[in-house]
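One structure is given here, and the rest of the page talks about it.
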Amino acid sequence: MIPTIIVHGGAKTITPEKVAANNAGCTAAAEAGWTVLINGGTAEEAVEAAIRVLESDQTFNAGFGAVLNSKGEVELDAAIMEGSTLSWGAVAAVQRVRHPVSLARKIMDTKPMLLVARNAESFAADNGVEMIAKEDLIADELQQEWEEEQEVIDRPNTIGCVALDANGTLVAGTSTGGIMNQPPGRVGDSALVGSGLYADNKFGGCSTTGDGESIIPVVLAKTAIDFLTGDRHPDEAAQMAIDALASKVKGEAGCILIDRQGRVGWAHNSSDMACAYITAGQDRVAAFTKRY
């Protein structure tokens, strides 16, 4: 099996001065996950490693650098899914967790598999997940934008990753800070299996990004996976999924895919979408901010 990894920094408008930061951030994330894969690590480990990089980069709306809700606080959602057993874990509306994707991965081994808010934070503290003061998750740029009620640009709804390891296991992950000025407790698609992510070794893995309230009713990630049937290339399947969303609801979205053969694909109907991938045979990560 050919190890492969693809990451996205979100479907959004990327201003010219932020292109380099988006490319650099996605490249660093893909490299972190790729290092895991080529050293014999699992897809699960690679996805967590890649997303942790994006959660640490204030260029992206996840972890440190997430947007603020209507109370001026950060609330984070994340999820991860493994394609051999269809196991998954998810968290929503957490505030004191440094890397929500790591908490979601820890929850994969438990039931229930979706925990929210203070109870998720208590689980994190009890299980050795890195904690942080909620105020320390707020980047200065985001604090200023919130205080001055600026229109937020370059802040997608979700970041994500899909990886295929040498054993043929596919894993998908997502992480997000939601929408600027969202009501406290609002949860979008990122923590929802089938909408924000999906992985099945028989077909492929997908992570989505965009308007959660539009992604959820069309179950975008599972829809994209379904389009992989018949040996359809992931590029075509991704575009078909975005077209299906656009035909049914209003809203911007994007998705990344890897099929069971290790082929990658991605599509979006937003102005831009930060993306990077690497597979066997490439000498470096390929990074983009626009599909065409």
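Points worth noting:
- Residues (touching a residue at least 60 places away in the same chain (Cβ under 8 Å) and among the acidic types (Asp, Glu)) located in the stretch 74-123: Glu75, Asp77, Glu82
- Each residue in the stretch 6-65 was checked for being under 19 Å from Pro100 (Cα atoms), among the hydrophobic types (A, V, I, L, M, F, W, C), touching a helix residue (DSSP H, G or I) at 6+ places or on another chain (Cβ under 7 Å) and touching a residue at least 24 places away in the same chain (Cβ under 8 Å), and 13 pass.
- Any hit, the stretch 105-114, residues being modelled with pLDDT of 95 or more, out of contact with any Lys or Arg (no Cβ under 7 Å at 6 or more places or on another chain) and assigned to a strand (DSSP E or B): yes
Conditions (1) farther than 30 Å from Pro183 by Cβ; (2) among the aliphatic types (A, V, I, L, M); (3) in contact (Cβ under 8 Å) with a residue 12 or more places away in the chain, marked per residue:
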{"site": "Gly205", "(1), (2), (3)": "yes, no, yes"}
{"site": "Pro217", "(1), (2), (3)": "no, no, yes"}
{"site": "Ala224", "(1), (2), (3)": "no, yes, yes"}
{"site": "Asp231", "(1), (2), (3)": "yes, no, no"}
{"site": "Met240", "(1), (2), (3)": "yes, yes, yes"}
{"site": "Glu252", "(1), (2), (3)": "no, no, yes"}
{"site": "Arg263", "(1), (2), (3)": "yes, no, yes"}
{"site": "Ala276", "(1), (2), (3)": "yes, yes, yes"}
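- From the options Gly212, Gly196, residue that is in contact (Cβ under 8 Å) with a residue 40 or more places away in the chain, more than 12 Å from the chain's Cα centre (by Cα), surrounded by 24 or more Cβ atoms within 10 Å (Cβ to Cβ) and under 30 Å from Lys134 (Cα atoms): Gly212
- Where helices (runs of 4 or more DSSP H) sit wholly within the stretch 195-292, those with at least 2 residues that are in contact with a helix residue (DSSP H, G or I) (Cβ under 7 Å, 6 or more places away or on another chain) and under 24 Å from Trp34 (Cβ atoms) occupy 234-248.
- Qualifying residues in the stretch 278-287 (those that are without any contact (Cβ under 8 Å) to a residue 60 or more places away in the chain and in contact with a strand residue (DSSP E or B) (Cβ under 8 Å, 6 or more places away or on another chain)) - the one farthest from Gly83 (Cα to Cα): Arg284
- Residues that are out of contact with any Pro (no Cβ under 7 Å at 6 or more places or on another chain) and hydroxyl-bearing (Ser, Thr, Tyr) within the stretch 175-229 comprise Thr176, Ser190, Ser195, Tyr198, Ser207, Thr208, Ser214, Thr223, Thr229, listed in sequence order.
- Residue match in the stretch 74-85 (condition: within 19 Å of Ala124 (Cβ to Cβ), out of contact with any helix residue (DSSP H, G or I) (no Cβ under 6 Å at 6 or more places or on another chain), acidic (Asp, Glu) and not in a strand (DSSP E or B)): yes
- Criterion violated by Trp146 - all others in (1) touching a Leu at 6+ places or on another chain (Cβ under 6 Å); (2) at pLDDT 95 or above; (3) not small (Gly, Ala, Ser) satisfied: (2)
The values are calculated or read from the model by the stated rules, or taken from the named source; none is laboratory data. Only a predicted model underlies this, so the values are computations on that prediction, with no experimental measurement involved. Methodologically, a virtual Cβ is constructed for each residue, glycine included, from the backbone with ideal geometry; neighbour enumeration extends over all protein chains shown.
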